[in-house]
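A short write-up of the structure that comes next.
The values are calculated or read from the model by the stated rules, or taken from the named source; none is laboratory data. For clarity, every value in this text was computed on a predicted model and none was experimentally measured. Cβ: placed from backbone, ideal geometry, glycine included. Neighbour counts: every protein chain shown.
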Amino acid sequence: MRCSAVPLPSRPVLQMPWCSPRYCTTFTEPIRLHVQAKRFLCLREPSYAQALSSISRVSLQLQGGPMTSEESVRFEATPYAMDAVQLRRWDDAGKVADRLVPPLQYFLSRASSLISVTQPPPN
C-alpha cells in the first residue's frame, strides 16, 4: 500500500485512549512522544535523518518535518522526552530483517506488569 493511500486519522492516534488509563505515565509518555522524538533527532543529528528509510522520510514530512530549534528546547523540557528518544533508538535498532525476537507473549507479560493497579481499565 502506498503511503498516500493510507487515510490520516481525524484525531491523533498518539492520544492512546486505550493505553493511558491502564498503564503508568512512565510507560505511556515515551510512546506518546515517539514521533516528536523522531522530529527532535532529525534536527539534532542530521545523520539520523539521512539514515531514515524513504517511507520514514515521507512520514516525517507528514508529521511536521524536523523540529525547529524552539520546538526542540520545549521538547527537551518535556517530562519523559529523553526516554522517548531512547525508545526511538531502540525501535530503530530493532528494524533488522530476519532478526530472531521473543514471541509476543514475552512482551505482553512485561507490559502487563506495568498496568496501574490504582486505575481500573475503562469500560
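Worth pointing out:
- Of the numbered criteria (1) at pLDDT 80 or above; (2) assigned to a helix (DSSP H, G or I), the one L14 fails is (1).
- Every residue from the range 56-97 that is out of contact with any Phe, Trp or Tyr (no Cβ under 7 Å at 6 or more places or on another chain), modelled with pLDDT of 85 or more and assigned to a loop (DSSP other than H, G, I, E, B): Q63, G64, G65, P66, T68, A77, T78, P79, Y80
- When R74 is tested against (1) within 16 Å of the chain's Cα centre (by Cα); (2) among the charged types (D, E, K, R); (3) closer than 21 Å to T25 by Cα, only condition (1) is not met.
- Contact map, the range 66-88: first residue on the phi > 0 side of the Ramachandran plot, second residue of a type in the set (D, E, K, R), Cβ cut-off under 9 Å, separation 6 or more or different chains; pairs are Y80/E29; Y80/R32.
- Residue tally, condition surrounded by 14 or more Cβ atoms within 10 Å (Cβ to Cβ) and either touching a strand residue (DSSP E or B) at 6+ places or on another chain (Cβ under 6 Å) or not basic (K, R) (or both), over the range 33-75: 22
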